1. Give the residue from THR36, SER1, ALA19 lying farthest towards the positive end of the charge dipole for the chain; charges sit on Cβ (+1 for Lys and Arg, -1 for Asp and Glu) and the dipole is referred to the Cα centre.
2. Which order do LEU56, LEU128 take when ranked by solvent-accessible area (1.4 Å probe, heavy atoms of all protein chains), largest first?
3. Which residue fluctuates the most in the chain, going by a Gaussian network model with Cα springs under 10 Å, if the choices are SER113, SER86, SER17?
4. Between LEU6 and PHE46, what is 0.36 nm times their sequence separation minus the Cα-Cα distance? Round to one decimal in nm.
5. Can you work out the accessible area per residue across region 1-84, with the rest of the protein chains kept in place, probe 1.4 Å, in square angstrom?
6. With only Lys, Arg, Asp and Glu charged, each at its Cβ (+1 for the first two, -1 for the last two), find how big the charge dipole of region 43-124 is about the Cα centre; round to the nearest 20 debye.
7. Express the carbon and sulfur contribution to the solvent-accessible surface of region 14-57 as a percent, rounded to the nearest whole number, probe 1.4 angstrom.
8. If I build a Gaussian network model for the chain, linking alpha-carbon pairs within less than 10 angstrom, which residue out of GLU35, GLU43, GLU52 has the largest mean-square fluctuation?
Amino acid sequence: SIIQPLKQISQPFPVSSVAQKAALIALEDKKFISETKVFMKKEREFLTRELENRGLEVAKSKANNLLVKVTPIFKSSTDFVRQLNSRRVSIVDGINFNGLSTDFVRVSPRLRSVNKKFIQKVDEILVLLKEGL
């Protein structure tokens, strides 16, 4: 009776007090922050372009994550996530966020080599879809 109401008001991905303290210290490193902003912008633009070239909708964003609409190309976000998980790729299903449906996933940009591997796995799945498998 106590836990359920707390779950309704808590963050979907809570941050520990240790992580919060580390973040405050990290915020003092202005050079790292500047380099990270440039890196994230470049990788966000790369992933956005590659996913849109494959017919997926990517919400315009300046955040460190991309909100990607995967339907109607895929039956649902859950189906897309399942297919990626079977290929050892992890993304977040939109059903984990209040207000989102099974149309969306959250993709986090990584190093270019990792982002390219992610796109390769998406391509593998798209080929199978076109072949009707």
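The values are calculated or read from the model by the stated rules, or taken from the named source; none is laboratory data. Since the structure is predicted, the reported quantities are computational estimates derived from the model, not experimental observations. Don't worry about glycine lacking a Cβ; one is built from the backbone with ideal geometry, like all the others, and counts go over all protein chains shown. These accessible areas exclude ligands, DNA and RNA; they are computed on the full protein's heavy atoms, side chains included. Shrake-Rupley method; radii C 1.70, N 1.55, O 1.52, S 1.80 Å.
1. THR36
2. From most exposed to least exposed: LEU128, LEU56.
3. Its mean-square fluctuation being the largest, the pick is SER17.
4. 10.6 nm
5. 74
6. It comes to approximately 280 debye.
7. 61
8. Taking springs between Cα atoms under 10 Å, the residue moving most is GLU35.
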